[in-house]
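K.L.:
Take this structure, written in structure tokens, and hold onto it; I'll ask about it next.
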């Protein structure tokens with residue numbers, strides 16, 4: 001049997017799909033598995049021992065997308081079963097064009113998802129993906145922990161990771177001076193690593209500058225300098241992670257890294273770290289939050305601006321006490 005899986009586009013969503021993927025692969029233990037998706041999603045998951053062929057979907061890059069989808073589908077070829085974790089017309093088209101007879105596409109607007117044996121109203125994104133897969137397999141599986149198969153890095157000294165970026169939009173980002181204050185407060189116990197993607201080098205550089213101005217030298221800025229596998233391994237090896245709601249936050253959850261996650265405009269109950277007992281959320285209850293906007297619609301950004309470095313540092317201290 002051959003199974004085609006279209007992964008979610010965003011890094012964090014792809015990682016949140018891994019519990020459902022594990023149960024899907026358990027349901028079809030002899031299947032050959034092909035994945036297709038964005039570069040970051042396929043890079044994160046390609047180390048899985050059950051995954052064979054991998055295709056990167058860059059059909060939006062140039063030209064007429066339906067024609068590009070047709071060409072990609074011809075490369076992929078027919079499978080016995082195809083499912084997409086994306087809720088998009090182009091996903092339906094891609095799967096159909098491969099010539100695969102049995103096709104399933106995730107519907108993000110369905111609030112109650114059924115399988116052959118149960119009906120649930122999932123709240124977390126992981127649960128939504130699992131309910132979707134249960135509808136495909138006819139099983140009643142429950143989602144386990146997030147899983148990534150890149151080996152975690154080993155550091156010589158206790159190390160803290162700082163991840164200030166958020167690909168979705170500026171509204172999810174805390175402020176560099178506040179990250180820097182937290183870093184300085186904890187720098188006597190940890191070496192510091194600053195993470196970020198190619199579009200987040202400015203904010204990472206600001207944090208590094210502010211930290212060094214306070215006399216802290218044990219800091220290394222890795223923003224824009226890591227591959228996805230390297231990012232996974234490095235985050236997997238740190239002893240503490242300070243982050244916003246982002247893909248790297250879910251990487252940390254997959255490796256059970258003690259994590260303080262700062263939430264503002266997004267729904268923390270839907271996208272918080274899944275099954276990481278070493279996690280803490282710092283957020284404020286506001287009438288305007290969660291707005292789910294890329295930029296603050298009322299131009300105050302109070303949901304993030306009001307969160308203080310002291311709150312985040314104290315949350316980190318509580319996590320560290322649990323580890324002792």
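The values are calculated or read from the model by the stated rules, or taken from the named source; none is laboratory data. The shown structure was predicted, so the numbers you read here are calculated from the model rather than taken from an experiment. Reconstructed Cβ throughout: ideal geometry from the backbone, glycine too, with neighbour counts over all protein chains shown.
K.L.:
In this structure, does residue 227 turn out to be in contact with a helix residue (DSSP H, G or I) (Cβ under 9 Å, 6 or more places away or on another chain) and either surrounded by fewer than 19 Cβ atoms within 10 Å (Cβ to Cβ) or over 26 Å from residue 147 (Cβ atoms) (or both)?
P.N.:
The answer is yes for residue 227.
K.L.:
Which of the numbered conditions does residue 306 fail, given that it passes all the others? Conditions: (1) surrounded by 17 or more Cβ atoms within 10 Å (Cβ to Cβ); (2) at pLDDT 95 or above.
P.N.:
(1)
K.L.:
Taking residue 260, is it in a loop (DSSP other than H, G, I, E, B) and modelled with pLDDT of 95 or more?
P.N.:
no
K.L.:
Sort out which residues of the range 178-213 are farther than 20 Å from residue 224 by Cα and surrounded by fewer than 17 Cβ atoms within 10 Å (Cβ to Cβ), and write them in order of number.
P.N.:
188, 189, 213
K.L.:
Give the residues of the range 127-145 that are in a helix (DSSP H, G or I) and either within 16 Å of the chain's Cα centre (by Cα) or closer than 18 Å to residue 269 by Cβ (or both), sorted by residue number.
P.N.:
Once the filter is applied, which keeps residues that are in a helix (DSSP H, G or I) and either within 16 Å of the chain's Cα centre (by Cα) or closer than 18 Å to residue 269 by Cβ (or both), the range 127-145 yields 127, 128, 129, 130, 131.
K.L.:
Only one residue in 111, 103 is outside any helix (DSSP H, G or I) and at pLDDT 95 or above, so which one is that?
P.N.:
Criteria check complete, one pass: 103.
K.L.:
Still on this structure, please answer the following. The conditions are (1) buried (at least 23 other Cβ atoms within 10 Å of the Cβ); (2) within 18 Å of the chain's Cα centre (by Cα); (3) in contact (Cβ under 8 Å) with a residue 60 or more places away in the chain; (4) over 24 Å from residue 142 (Cβ atoms), and residue 37 fails exactly one of them. Which is it?
P.N.:
For residue 37, the exception is condition (3).
K.L.:
Of the residues 96, 82, 53, 31, which is modelled with pLDDT of 95 or more, surrounded by 21 or more Cβ atoms within 10 Å (Cβ to Cβ), more than 19 Å from the chain's Cα centre (by Cα) and more than 23 Å from residue 256 (Cα to Cα)?
P.N.:
Of the residues listed, the single one that is modelled with pLDDT of 95 or more, surrounded by 21 or more Cβ atoms within 10 Å (Cβ to Cβ), more than 19 Å from the chain's Cα centre (by Cα) and more than 23 Å from residue 256 (Cα to Cα) is 82.
K.L.:
For the range 177-255, list the strands (runs of 3 or more DSSP E) that sit wholly inside it and hold at least 3 residues that are assigned by TED's automatic domain parsing to the domain that holds residue 305 and within 15 Å of the chain's Cα centre (by Cα); which are they?
P.N.:
Fully inside the range 177-255 and qualifying: 240-244.
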